[in-house]
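Remarks on the structure that follows.
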Amino acid sequence: MRWTSRDLRSLGIGLAYLAPSLVLFAAFVFIPLAETINLSLFNTRATGAITTFAGLDHYLELLTSPAFRTGLLATAIFAIYTVPIGIALGLVLAVLLNQRLRAINVFRTMMSSTIAISAAVGALIWLLLFNPSLGLLNFVLSRVGVHGPEWLIQPTTAIIAVSITTIWLTLGTNIIVLLSGLQGVPEEIYEAARLDGARGLRMFTRITVPMVSPSLFFLFVVDTVAVLQAFTQIHVMTRGGPVDATRVLVYSIYQDAFQNFQFGFASAQAVILLLLVMGLTLIQFRFVERLVHYQ
Amino acid sequence: MKLRNIANYALLVVGSIVVAFPLLLALSYSLMSESEIATFPPPILPARPTLDNYAQVFATIPIVRYLLNSFVVSSAVVVGQLLTASLAAYAFSFLVFRGRQLLFFLFLSTLMIPWEATIIPNYITIRSIGWLDTYQGLAVPFMATAFGTFLLRQAFLQIPRELWDAARIDGATTFRFLVSTVIPLSRPALGTVAIYGFLSTYNQYFWPLLITNQTLMRTTQVGIAQLRFEETLRWGLVMAGVIMVAVPTLALLVLGQRQLIRGLTAGAVKG
């Protein structure tokens, strides 16, 4: 493949149009990414300046650190509590919203309203709802004979509280994506199934769920990645506590880097985060590719 | 059939109220006095609605400044993203050059890199060039967008090639065609990118928390979260702050719902 002067010229023009984006990506994505990997191999001073080569020490420390294991476990529990329930709720509400009824758009807007709500706002509101003495949640529980816990004081319930908040925050996105998935299902398929005698729950499990499975899978990846990146609700509600119960991976990066000033150790955790997110995204890309292929 | 519709509406009403309940409650509490909030059983609607909490927000934190900061930064990001993404999307749709595919993959690869994985070096960079507590520090890192480029490229590819050929025959330059034809024809997609950029910047928390220390440079999200860490936690005050911060984004949701939905569903495979 020889490069003619015309090739070079068109490449030059193309690069000129791409230059603003490329410069920004280089400065704030690609170079920092290389620096994160580099930092993870070094010890640093509190200023961030590199002192001595650490090799894989930080990674070995992570392997043996009980705190890191607790953090990964908290991240996993958080994901398990949040993602499946969030998607299931979203699907039920999306099916409800996927009807030709008058004023249906009002309901669609109301139920998807959480897409516009920031994590900070959501966390502050749920903080009030979870408040043991003022909050409505424990009052309602007491009316049905359940003694509500001190949600954010106990480790087991703190992660549940953060998960409920997160489910609410992602519900809007889940509903919109699933609704658009449902709207893409041809009406004839439902009619054919109806002729075959499918009704209600059977229709839902045999027709609806398989037909929106691409959307379900997309949300599974997107929501899991979002959980891996969740920081705001934890910072506002629990600050990683109590006793590290909500100190998920990102929160641990934040504390080790910006409170303990161990930039090298924190960078090693950032690399782990990167690998997790990249793995999930690559699975999705491959899945989508296959899907397009067989269609 | 009628009966079924009634049942459906009942379900829809209940569902909507449950989902929107936390927001409605925040609005209700923002109109209650602190003493009313402290009564038992917890009230749902204010007995005597008052705007005192809103006045208190103005007296406690520089909320107007926070809103201004957030609007300046979010608008700057929107303008930046529209510029960089339209130029890049144009190169990826109308221009033909070697390495185009490779560069497109390079753009897409940024979608796999979580911002949190690069946040430490980015913080060190911003600090070393003296951009802590500045608008440029808050905005510039987010001015390029792979997602926006991807969305605009999809829109640009819908534009008939005949227009391009005709413009060439008329002697229009490459850049002129972008400005006079491609951009005006892609307004809906540009709207989607703009709404997305605004919403995601306005709702940011981690980055502004890191790089702003001066009270007057804080953004709305970080600013209201501070209310939680005041010495005495006044819930009416916090909820009034929450409503003031959420209103712009809710307005954007109502006005730009169609654009938002188009953006959200662009990534998902059609089911």
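Listing for the model above:
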{"item": "The stretch B:107-124 residues that are over 15 Å from B:Leu210 (Cβ atoms) and facing chain A (nearest Cβ under 7 Å), paired with ones that are buried (at least 19 other Cβ atoms within 10 Å of the Cβ) and of a type in the set (Asp, Glu) (beta carbon under 8 Å, 6 or more apart)", "result": "none"}
{"item": "Residue count for the stretch B:93-105, restricted to those that are more than 8 Å from chain A (Cβ to nearest Cβ), crowded, with 16+ Cβ neighbours inside 10 Å and not in a loop (DSSP other than H, G, I, E, B)", "result": "2"}
{"item": "The stretch B:125-135, subset in contact with a helix residue (DSSP H, G or I) (Cβ under 7 Å, 6 or more places away or on another chain) and in a loop (DSSP other than H, G, I, E, B), residue farthest from the other protein chains (Cβ to nearest Cβ)", "result": "B:Asp133"}
{"item": "Output for the stretch A:189-245, where each listed residue is surrounded by fewer than 16 Cβ atoms within 10 Å (Cβ to Cβ) and touching a Pro at 6+ places or on another chain (Cβ under 7 Å)", "result": "A:Val243"}
{"item": "Condition broken by B:Phe229, with the remaining ones in (1) among the aromatic types (Phe, Trp, Tyr); (2) at the interface with chain A (Cβ under 7 Å from one of its Cβ atoms); (3) surrounded by fewer than 21 Cβ atoms within 10 Å (Cβ to Cβ) satisfied", "result": "(2)"}
{"item": "Single unsatisfied condition, B:Leu233 versus (1) under 16 Å from B:Leu83 (Cα atoms); (2) among the aliphatic types (A, V, I, L, M); (3) not in a helix (DSSP H, G or I)", "result": "(1)"}
{"item": "Filtered residues of the stretch A:99-153 (kept if more than 9 Å from chain B (Cβ to nearest Cβ) and under 22 Å from the mean Cα position of the chain (by Cα))", "result": "A:Leu152"}
{"item": "Enumeration of residues in the stretch B:184-230 that are in a helix (DSSP H, G or I), among the small types (Gly, Ala, Ser) and in contact with a Ser or Thr (Cβ under 9 Å, 6 or more places away or on another chain)", "result": "B:Gly197, B:Ser200, B:Gly223, B:Ala225"}
{"item": "Helices (runs of 4 or more DSSP H) contained entirely in the stretch B:1-74, each with at least 1 residues that are of a type in the set (Ser, Thr, Tyr) and under 31 Å from the mean Cα position of the chain (by Cα)", "result": "B:2-30, B:52-60"}
{"item": "Residue check, B:Phe97 in the same structural domain as B:Trp164 (by TED's automatic domain parsing), touching a Ser or Thr at 6+ places or on another chain (Cβ under 6 Å) and without any contact (Cβ under 8 Å) to a residue 24 or more places away in the chain", "result": "yes"}
{"item": "Filter result for the condition that a residue is part of a helix (DSSP H, G or I), more than 14 Å from chain A (Cβ to nearest Cβ) and either in contact with a helix residue (DSSP H, G or I) (Cβ under 9 Å, 6 or more places away or on another chain) or hydroxyl-bearing (Ser, Thr, Tyr) (or both), over B:Leu138, B:Leu178, B:Leu151, B:Leu163", "result": "B:Leu163"}
{"item": "Helices (runs of 4 or more DSSP H) lying entirely in the stretch A:188-276 (those with 2 or more residues that are modelled with pLDDT under 90 and within 14 Å of chain B (Cβ to nearest Cβ))", "result": "A:213-229"}
{"item": "Qualifying residue in the stretch A:44-52 (condition: touching a residue at least 24 places away in the same chain (Cβ under 8 Å), more than 12 Å from every other protein chain (Cβ to nearest Cβ) and either surrounded by 12 or more Cβ atoms within 10 Å (Cβ to Cβ) or more than 30 Å from B:Ala139 (Cα to Cα) (or both))", "result": "no"}
{"item": "Of all residues in the stretch B:8-63 being aromatic (Phe, Trp, Tyr) and under 21 Å from B:Thr249 (Cα atoms), the one that is nearest to the other protein chains (Cβ to nearest Cβ)", "result": "B:Tyr29"}
{"item": "Sole residue being small (Gly, Ala, Ser) and within 30 Å of A:Val185 (Cα to Cα), chosen from B:Gly223, B:Gly263", "result": "B:Gly263"}
{"item": "Hey, B:Ala59 at pLDDT below 95, of a type in the set (Gly, Ala, Ser) and in the same structural domain as B:Glu231 (by TED's automatic domain parsing) or not", "result": "yes"}
{"item": "Unique match (being hydrophobic (A, V, I, L, M, F, W, C), at pLDDT below 90 and surrounded by fewer than 21 Cβ atoms within 10 Å (Cβ to Cβ)) among B:Leu255, B:Leu260, B:Leu250", "result": "B:Leu255"}
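The values are calculated or read from the model by the stated rules, or taken from the named source; none is laboratory data. Keep in mind that what you see is a predicted model, and the values were worked out from it rather than measured. No Cβ is skipped: glycine too gets one built from the backbone with ideal geometry, and neighbour counts run over all protein chains shown.
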